[in-house]
Structure formats: C-alpha cells, structure tokens
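Undergrad: Quick one: the structure is below, and I'll ask about it shortly.
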Amino acid sequence: MRKMTPWFSREVTGIVGAILGGSYGLAGALLGCFAYPLMIRKKRRKLLHLWIHGLLAIAALTLATGVTALLSSQPVHVWFHFTLVGGVAFLVFGLSLIVVRKAIKEAELREMEIKDS
C-alpha cells in the first residue's frame, strides 16, 4: 500500500482537534439553550429542525473526512480527530433530533387537548 503525504503535521493535530471539538461543543451548547424556546413556538419549529439537520450534515461530512483519510492510508494523527469528533457529533445530534421530535409531538398533543376542552 502506498503511503500518502500527510494532510498536516503532528504539530497541527492538537489545533485541528481543538477547533473541531470546540466548534461542535459550542454548537451543541447553543442548541441546548435555544431548543426549548424554538420548540414552544409553532413558527420556529421548522428552524429548529433545519438547525439540527444542518449540524447532522456537517457531522456526517466530518466523519466522512476521517474515514476517507483512514482509507487513503493517512497517519493516525490525521484521521483520528475527524473520525472521533464526527462520529460523536453525529450520534449526539441524531439523538437530539429524536428527542426534539418527541417533545414537539407531545407539545402538539397538549395544544390539541387544550383546544378540545
């Protein structure tokens, strides 16, 4: 198997990991802060869904970058952070989408019950 030139050096690895992890951590924190206020307003629910789907797409691209680096024989310091952070972010935001959908469904049921009574 032919060794490729690494995409970046070992010295840059920590910076890449910090930027990826910090970015996804900040995005998750903002999602956590604004999910409930966006959920309780009917007109804002679509924005919340778009936000989570966008985060999922970016996480999938990060994971795909890591897998591509792994399959193209990049050294471990290149593919590790992309694969780890992309996989964890995809899992966390995917579970967040499930939780948000359930909460929205429950809120809609409560709204219907209030209208019916």
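Undergrad: Give the number of residues within region 1-56 that are in a helix (DSSP H, G or I) and touching a Ser or Thr at 6+ places or on another chain (Cβ under 7 Å).
TA: Going residue by residue through region 1-56, those that are in a helix (DSSP H, G or I) are 10-39, 42-56.
Filter once more, so that each one left must be touching a Ser or Thr at 6+ places or on another chain (Cβ under 7 Å): 20, 31, 52.
Residues meeting the conditions: 3.
Undergrad: Hey, another quick one. Select from region 89-117 the residues that are among the hydrophobic types (A, V, I, L, M, F, W, C) and without any contact (Cβ under 8 Å) to a residue 12 or more places away in the chain and write down the one among them that is farthest from residue 59 (Cα to Cα).
TA: This residue is 114.
Undergrad: Within region 40-63, which residues are within 16 Å of the chain's Cα centre (by Cα) and loosely packed, with under 14 Cβ neighbours inside 10 Å?
TA: 47, 50, 53, 54, 57, 61
Undergrad: Tell me whether region 71-84 contains one or more residues that are under 14 Å from the mean Cα position of the chain (by Cα) and crowded, with 19+ Cβ neighbours inside 10 Å.
TA: Checking region 71-84: at least one residue is under 14 Å from the mean Cα position of the chain (by Cα) and crowded, with 19+ Cβ neighbours inside 10 Å.
Every number in this text was worked out from the coordinates using simple rules, so none of it is lab data. Remember, predicted model here, so these are calculated numbers, not experimental data. All Cβ positions, glycine included, derive from the backbone under ideal geometry; neighbour counts span all protein chains shown.
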